[in-house]
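The values are calculated or read from the model by the stated rules, or taken from the named source; none is laboratory data. Predicted model, so just to flag it, every value in this text is computed and none were measured. Glycine also receives a Cβ, built like all others from the backbone with ideal geometry; neighbour counts cover every protein chain displayed.
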């Protein structure tokens, strides 16, 4: 299976709305061993000026990976998920993610580079609220290993 | 006590942490994140795709390493930018039958890498290693300092 080079420049429309739940923030914070009270206690978050509990810095990966799934599952893309390795990741936060946010993500395929028998694919998810407020930009590169890699 | 930019200098250590990781932690992260790739919880599957064993999600390592920064700055939302490259997998041994024994240990050290007075931010460079080898490279968190 080969990666379709025409993927570069392709965009996928906004995903279904992801509603950020208070318990999901708590669960995710526990899972990354975060202990800051602002993830768990709305009053502690309010003391820092937030409407509700705040997400840890990498929480947006949940939304970004839902957007990525559109590309991975696109039969035209030619990506064998069992051969995917996460190569790099970046989060740029335009404003904190807080419980109650309703988020959507638009996915852009910024780069496709052949590497050996495989390819390095860089995607960017533009995450915003349903009201259109920019929330976060996540950038991710995945290496799809070729048959002999 | 609030941290100010003038308190900082490049090269200064701001935080350090030791993260003990078990297979249970990976199962929890899988559930919390929605990433159920079996290489993170099934030994035979992982070995079947030529991995040395069950490995931690790169995003688990990235997500837990940044606590050294948020604990220091005191506000998780001060991290306005955070990036890394994943260079080496963190292999997590099965210690399920030995409560309290980690399957892997990740060491994190954060130092001030750059100070940007125009934007009122500092870049914290994280050194993240397991078993004496770096597992993240160019792990950098940009922190807004008011």
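Only a single criterion out of (1) modelled with pLDDT under 95; (2) within 14 Å of chain A (Cβ to nearest Cβ); (3) in a helix (DSSP H, G or I) is not satisfied by residue B:6, namely (2). For segment B:57-88, a residue qualifies if it is over 15 Å from residue B:125 (Cα atoms) and touching a helix residue (DSSP H, G or I) at 6+ places or on another chain (Cβ under 6 Å), and the qualifying residues are B:57, B:59, B:60, B:76. All of (1) closer than 24 Å to residue A:88 by Cβ; (2) outside any helix (DSSP H, G or I) hold for residue B:97 with one exception: (1). In the set (1) within 11 Å of chain A (Cβ to nearest Cβ); (2) in a loop (DSSP other than H, G, I, E, B); (3) within 17 Å of the chain's Cα centre (by Cα), the condition left unmet by residue B:102 is number (1). Taking segment B:41-50 as the range and being part of a loop (DSSP other than H, G, I, E, B) and more than 10 Å from chain A (Cβ to nearest Cβ) as the test, the residues that pass are B:41, B:42.
Of all the numbered requirements in (1) touching a residue at least 24 places away in the same chain (Cβ under 8 Å); (2) assigned to a strand (DSSP E or B), residue B:127 misses one, and that requirement is (1). Summed over segment A:96-116, the residues that are surrounded by fewer than 17 Cβ atoms within 10 Å (Cβ to Cβ), assigned to a loop (DSSP other than H, G, I, E, B) and at pLDDT 95 or above give a count of 1. Condition (residue is at the interface with chain A (Cβ under 8 Å from one of its Cβ atoms), farther than 30 Å from residue A:144 by Cα and assigned to a helix (DSSP H, G or I)) applied to segment B:73-84: is it met by at least one residue? So far as segment B:73-84 goes, yes, one or more of its residues are at the interface with chain A (Cβ under 8 Å from one of its Cβ atoms), farther than 30 Å from residue A:144 by Cα and assigned to a helix (DSSP H, G or I). Looking at A:60, A:16, A:77, just one residue is more than 8 Å from chain B (Cβ to nearest Cβ), surrounded by 17 or more Cβ atoms within 10 Å (Cβ to Cβ) and over 27 Å from residue B:75 (Cα atoms), and that residue is A:77.
The set of residues in segment B:107-126 that are under 11 Å from residue B:13 (Cα atoms) and out of contact with any helix residue (DSSP H, G or I) (no Cβ under 6 Å at 6 or more places or on another chain) comprises B:109, B:111, B:112, B:113, B:125.
Summed over segment A:129-141, residues that are surrounded by fewer than 19 Cβ atoms within 10 Å (Cβ to Cβ), over 11 Å from the mean Cα position of the chain (by Cα) and in a strand (DSSP E or B) total 2.
Return yes when residue A:93 is surrounded by 15 or more Cβ atoms within 10 Å (Cβ to Cβ), at the interface with another protein chain (Cβ under 8 Å from one of its Cβ atoms), farther than 11 Å from residue A:64 by Cβ and modelled with pLDDT of 95 or more and no when it is not. Taking the combined requirement at face value, the residue satisfies it.
Could you check, for segment A:69-78, whether at least one of its residues is in contact with a strand residue (DSSP E or B) (Cβ under 7 Å, 6 or more places away or on another chain) and closer than 30 Å to residue B:125 by Cβ? The answer is no; no qualifying residue exists. Taking the numbered list (1) over 16 Å from the mean Cα position of the chain (by Cα); (2) more than 7 Å from chain B (Cβ to nearest Cβ); (3) farther than 15 Å from residue B:75 by Cβ in turn, residue A:33 passes all entries but (2).
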